[in-house]
Amino acid sequence: PNGGTGYVFATLLAPVESGELPAWRNVKDSQTASNVAAFLKAFPSGHFAARAKRLHAVLSSRTAALIPPKIEAPTVAKPAVGIYPGRKPAENFKDCEFCPEMVVIPPGSFRMGDFHGNGKDREKPIHEVHINYSFAVGKYEITRRQYAEFVRANDKSFTDGCDQHKDDKYETYLSRNWRDPGFNQTSSDPAVCISWVEAKQYVDWLNEVTPGRYRLLSEAEWEYVARADSRSVFSFGNDVADLCDHANSADKRLGVKWQNDECDDGYGWQTAPVGRYHANKFGLHDLYGNAVEWVEDCQLKNYQGAPTDGSAWISGGDCTIRMVRGGDAVGGTKSMRSAFRSWLAIEINQQFNGFRIAKTLTP
């Protein structure tokens, strides 16, 4: 399964058992050894087992008197209208020098899905989603500079190989990786050739070196911030001609017969430095085009039974495949729509795969 794009998937590099990710997120900041022990009992050979064992050993060696009380981050954001602990809607902040710049998002409701007749069945049924809690979203996609700091700090090595576009399809090139995706980039371009597994590893590391509560966006949150209070095809309206001022995409000069190619922005078949195009009403850049963005949700082929509270949909679907949103630098205008959705296997490193992060603010 690949969202209709024709990709061929490899064997998983880092298997994650069903239910393991939400369980780990619920205990990774725990101060109670019994909570971690329960996780290890449920997932003794899981993806996070080694880290859980280390955490359990540390907690077991402490006395209860030395453990300060701590409010743990919820696995799903709960309604808390009007609660912004030290942060106000539209405020920008950074938790550290190398951290991504975050924008506080206002609460609200929106209709999720395709209500213009431009999409596929995967974008239906249309449903109302209510965002009644406090969270922040990266102003930009994670950049090469930010991702390089993660690699440096962890002395992390990567398996070479990235799927690259050629002759209207994707082929795997073993010489490609995030350092060399097949085109020139600046340190301010989005990091690409990133798998979902690697995006999650970045988030885990950022939570270890900052006050934490970082995560990937849910699919509903992504569409909410992409629409930015709009009901049009794009956040800026319905006119495709205006797309060129808002997204690195649909380039006329590619020589590939994408539908409705409109833009001649000078970047051709490559990413652009983040922030080069207009921000939307929420102050976020590059939600359309540039890099496809991983989100938390497992693959579900339509919205039947989807959550309506903004939380990630991580039950009932195939969690070895995750949703991606936002189109990319070579996509046509149909993939730039706010409602457009697709999916990929979690280990896929693709030429235009990147990510953006969120941060839970509600206590």
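The values are calculated or read from the model by the stated rules, or taken from the named source; none is laboratory data. The structure presented is a predicted model; accordingly, all values stated were derived computationally and were not measured. Every residue, glycine as well, gets a Cβ built from its backbone with ideal geometry; the counts of neighbours run over all protein chains shown. Just the protein is used for accessible areas: all its heavy atoms, side chains included, with ligands, DNA and RNA removed. Shrake-Rupley method; radii C 1.70, N 1.55, O 1.52, S 1.80 Å.
One table, with the values for the structure above:
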{"quantity": "Alpha-carbon radius of gyration plus Dmax, which is the widest Cα pair, for region 302-363 in Å", "calculated": "13.6, 40"}
{"quantity": "Integer Hz, Karplus 6.51/-1.76/1.60 couplings in order for region 307-313, x for Gly and Pro", "calculated": "x, 10, 10, x, 6, 6, 9"}
{"quantity": "Relative contact order computed over region 259-319 (Cα-Cα under 8 Å; 6+ residues apart), in percent", "calculated": "24"}
{"quantity": "Cα centroid separation, region 207-241 to region 130-194 (Å)", "calculated": "19"}
{"quantity": "Hz values of 3J(HN,Hα) by residue in region 90-97 - Karplus curve (6.51, -1.76, 1.60), Gly and Pro given as x", "calculated": "6, 5, 9, 7, 9, 7, 6, 4"}
{"quantity": "Neighbour-limited loop hits for trypsin sites (Lys or Arg not before Pro), region 88-143 (at most 13 other Cβ within 10 Å; DSSP other than H, G, I, E, B)", "calculated": "LYS94"}
{"quantity": "For peptides 25-31, 191-197, sequence by mean Cβ density within 10 Å, most packed first", "calculated": "191-197, 25-31"}
{"quantity": "Computed label-point distance, nm, for sites PHE93 and SER34 using a 7 Å Cα→Cβ extension", "calculated": "3.4"}
{"quantity": "Relative contact order of region 160-319, pairs being alpha-carbon contacts under 8 Å that are 6 or more residues apart, as %", "calculated": "22"}
{"quantity": "Local electrostatic count at TYR173 - Lys and Arg +1, Asp and Glu -1, tallied over other residues with Cβ under 15 Å", "calculated": "-1"}
{"quantity": "Carbon and sulfur %, accessible surface of region 270-363 computed with the full protein complex present, 1.4 Å", "calculated": "49"}
{"quantity": "Violating pairs (Cα-Cα greater than 26 angstrom) within the set LYS41/LYS94; LYS156/LYS301; LYS53/LYS156; LYS53/LYS94", "calculated": "LYS41/LYS94; LYS156/LYS301; LYS53/LYS94"}
{"quantity": "Ellipsoid semi-axes in whole angstrom, largest first, where each is sqrt(5λ) of the Cα gyration tensor of region 213-363", "calculated": "26, 17, 14"}
{"quantity": "Per residue, in Å², the accessible surface of region 198-253 once ligands and nucleic acids are set aside, probe 1.4 Å", "calculated": "32"}
